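Some notes on the structure that comes next.
Here, each number is a calculation from the coordinates, and none is a lab measurement. All figures in this text were calculated on a predicted structure; none of them were measured in a lab. Methodologically, a virtual Cβ is constructed for each residue, glycine included, from the backbone with ideal geometry; neighbour enumeration extends over all protein chains shown.
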Amino acid sequence: MAEPLGTGDKDVATHLHSYTNLAALPQTPPLVIVEGDGIHVVDENGRRYLEAMSGLWCASLGFSNKRLAEAGAKALKTLPYYHTFNQRTNVAVADLAERLLALAPVPMARVFFANSGSEANDSAVKMVWYYHNAIGQPERKKIIARRNAYHGVTVAAASMGGLDGNHRDFDLPIATAPARFLHVDCPHHYRYAEPGETEQDFSSRLAQQLEQTILAEGPHTVAAFIAEPVMGAGGVLVPPAGYFEKVQAVLRKYGVLMIADEVICGFGRTGNMFGSTTFGIQPDILSCAKALSSGYVPISAVMVNEKVHSAIAANSGKLGSFGHGYTYSGHPVACAVALETLKVYEDERILDHVRELAPAFQAGLRAFAERPWVGNVRGVGLIGAIELMADKAARTPFAADRKAGYRFAALALEEGLIVRAMGDSIGLCPPLIITRAELDDLFARLARAMDRFEKEY
Ligand code: PMP
């Protein structure tokens, strides 16, 4: 009888991977992670890695929180499933909605639940369209996002995203006449500011560009603007000074709704419960996911303010029902785990911890600015990035075929450190529970990876 396949071989033969070079997978077998322990994960050979990306920016309480496991187990034994269609609900979803409204960065009226960041943003788009139909402005359907943005991979979420790899050969942004998804420049001061242009001037220029886009399209056709407080997958882009203040002044002038995509920033990452607070954003709609359950179960949420809610509710009254929702919207197990996650943040004073540790984290990152191949270092709270450059003085990136970012991430992995290469920007987003000693360990590993990278390049 043939030997049973090991996990790696079985996986390569059967599993269609997310975000992976599928053609190369047989030659580059996957890393098989078998367990988690605090901020570390362990592979099938017993090797431990410091997970400095919290998986995909989500496992804010690390990989072995017992309270979350117990909350999930208890919920599974009590009510493993029920739905929220047709006036049905459950205890956990009502408690979680109440808690989220209490935490919201601006007054919000209702919370809708979904399973992923993509679905939350997709739902936000549908609510924006529905809202404008409801208030008798059916022409207002265009959504403006930013180049390099990441809002997920459903058709609408990926259409809003501004990364080429999410569009090319997927026929996205989805083609409609007129186009419903538009993009303006992203606020990457280091890369795109003119020589000598201050952050404030750069922000003014971007706000003007937004205004010109709205005017060119016709303000009566522009429905909403969507932005991540800190752009994550686009390279951890912290907004330049004045950016959101200036952008929101334009949105208010033309009656355009603001959607904050808090999928990464939500729940403490930037040092406040929401990135909207850190950057003075007043969203009409807010999407969140990831750290809502520390990534332990799939759940996301969309909060809407009273203006949006009352119009949606009135319209659904006319139609007989709000025709949107998922089988798993408000799933009792997911909601119970999310609720427990929010309790842990409170009981363990996670926000205080982030604020205490952020200066050391940011200083540790900024120390890398002295390194010969580091062009820019940026971050806020416990999120940051190091951007590699072939020529610092001239700000010349590495040639794409040198795959500098990927190589750096591979070297870090060999040093037992998981980071994320976004082009040549190396992202770090460690679990919020990381201790000072673990932070030192993180930077020691990062420094060893950088030493090796410098020797190679
Ligand atoms: N928005 C942002 C800002 C994200 O970072 C992500 C995921 N990285 C998403 C939306 C999509 O979330 P999901 O992968 O859960 O669909």
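Using the 10 angstrom Cβ neighbour count as an exposure proxy, how do Leu411, Leu79 rank, fewest first? Let's see the in-between values first.
Values: Leu411 21, Leu79 14.
Listed from fewest to most nearby Cβ atoms, that is Leu79, Leu411.
Return a whole-number percent for the relative contact order of segment 69-347, with Cα pairs under 8 Å and 6 or more residues apart as the contact set. Mind dumping the intermediate values first?
Numbers: 520 pairs, mean separation 80.0, N = 279.
Reported as a whole number, the value is 29 percent.
Over 26 Å between Cα atoms, which of Lys126/Lys307; Lys142/Lys253; Lys246/Lys403; Lys142/Lys318 qualify? Kindly include the intermediate steps, with their values, before the conclusion.
Values: Lys126/Lys307 16 Å; Lys142/Lys253 16 Å; Lys246/Lys403 36 Å; Lys142/Lys318 24 Å.
The pairs that break the limit, which is 26 Å between Cα atoms, are Lys246/Lys403.
Whole Å is fine, so just give me how far the alpha carbon centre of segment 379-457 lies from that of segment 19-45.
The distance from the Cα centre of segment 379-457 to that of segment 19-45 comes to 19 Å.
Could you give the dipole magnitude of segment 69-347 about its Cα centre, charging the beta-carbon of Lys and Arg +1 and that of Asp and Glu -1, in debye to the nearest 20? Don't jump to the answer; show the numbers that get you there.
Working: 23 positive and 25 negative charges, 133 e Å.
Its charge dipole is roughly 640 debye.
Which is farthest toward the positive dipole end of segment 69-347 among Gly330, Ala102, Ala134, measuring Cα position about the Cα centre, with Cβ charges +1 (Lys, Arg) and -1 (Asp, Glu)?
Positive-most Cα among the choices belongs to Ala134.
Give, to the nearest whole percent, the P(r) tail of the chain beyond 33 angstrom, counting all Cα pairs. Could the numbers behind the result be given before it?
On the way: 38610 of 104196 pairs.
Taking all Cα-Cα pairs of the chain, the fraction more than 33 Å apart is 37 percent.
As a check on your grasp of the helix formula, calculate [θ] at 222 nm for the chain: sum -39500 (n - 2.57) over DSSP H runs of n ≥ 4, divide by the residue count, round to the nearest 500. Please list the in-between numbers first.
Numbers: 16 runs with 184 residues, N = 457.
So the helix-based figure for the chain works out to -12500 deg cm²/dmol.
Give the aspartates and glutamates whose C-alpha is closer than 20 Å to that of Lys77, dropping any in the same chain fewer than 8 places away, or say none.
Output for Lys77: Asp95, Glu340.
Once you mark the trypsin sites (Lys or Arg not before Pro) that are in a DSSP loop and have at most 16 other Cβ atoms within 10 Å, what is the longest gap between them in the chain?
Working: sites that count: Arg47, Arg88, Arg147, Arg168, Arg349, Lys392, Arg395, Lys403.
Looking at the chain, 169-348 is the longest stretch - no exposed trypsin sites (Lys or Arg not before Pro) with at most 16 other Cβ atoms within 10 Å.
Among the GluC sites (Glu not before Pro) within segment 62-167, which fall in a DSSP loop and have no more than 16 other Cβ atoms within 10 Å of their own Cβ?
Working: sites: Glu70, Glu98, Glu119, Glu139; in loops: Glu139.
Qualifying residues, ordered by number: Glu139.
Once amide H atoms are built 1.01 Å from N in the peptide plane, which residues 5 or more positions from Ser300, or in another chain, come under 5 Å H to H?
Those qualifying (amide H under 5 Å, at least 5 residues apart or on another chain) are Ala114, Asn115, Ser116.
Distance from the Cα centre of segment 270-301 to that of segment 211-260, in angstrom?
That distance is 18 Å.
In the chain, if the dipole is taken from +1 on Lys/Arg beta carbons and -1 on Asp/Glu beta carbons about the Cα centre, which of Gly218, Pro195, Ala24 is farthest to the positive end?
Gly218
With a cut-off of at most 15 other beta carbons within 10 Å, and DSSP calling the residue loop, which chymotrypsin sites (Phe, Trp or Tyr not before Pro) in segment 145-188 qualify? Please list them.
Phe170
Just going by the charge dipole of the chain, with Lys and Arg at +1 and Asp and Glu at -1 on Cβ, which of Gly235, Ala175, Leu61 is farthest out on the positive end?
Toward the positive end, the furthest listed residue is Ala175.
Whole-Hz ³J(HN,Hα) for each residue in segment 409-418, computed from phi via Karplus 6.51 cos²θ - 1.76 cosθ + 1.60 with θ = phi - 60°, x for glycine and proline: what do you get?
Once θ is set to phi - 60°, the couplings for segment 409-418 become 4, 5, 5, 4, 4, 5, 8, x, 10, 9 Hz.
Can you compute 3J(HN,Hα) from phi for each residue in segment 90-96, using the Karplus curve 6.51 cos²θ - 1.76 cosθ + 1.60 with θ = phi - 60°, rounded to whole Hz and x for Gly and Pro?
Couplings: 9, 5, 5, 5, 5, 5, 5 Hz.
Kindly provide the chymotrypsin sites (Phe, Trp or Tyr not before Pro) of segment 256-356 that DSSP labels as loop, not H, G, I, E or B, and whose Cβ sees at most 16 other Cβ atoms within 10 Å. Don't skip to the answer; put the middle values down first.
Working: sites: Phe267, Phe274, Phe279, Tyr296, Phe322, Tyr326, Tyr328, Tyr345; in loops: Phe267, Phe274, Tyr296, Phe322, Tyr326, Tyr328.
Sites meeting the loop and neighbour criteria: Phe322.
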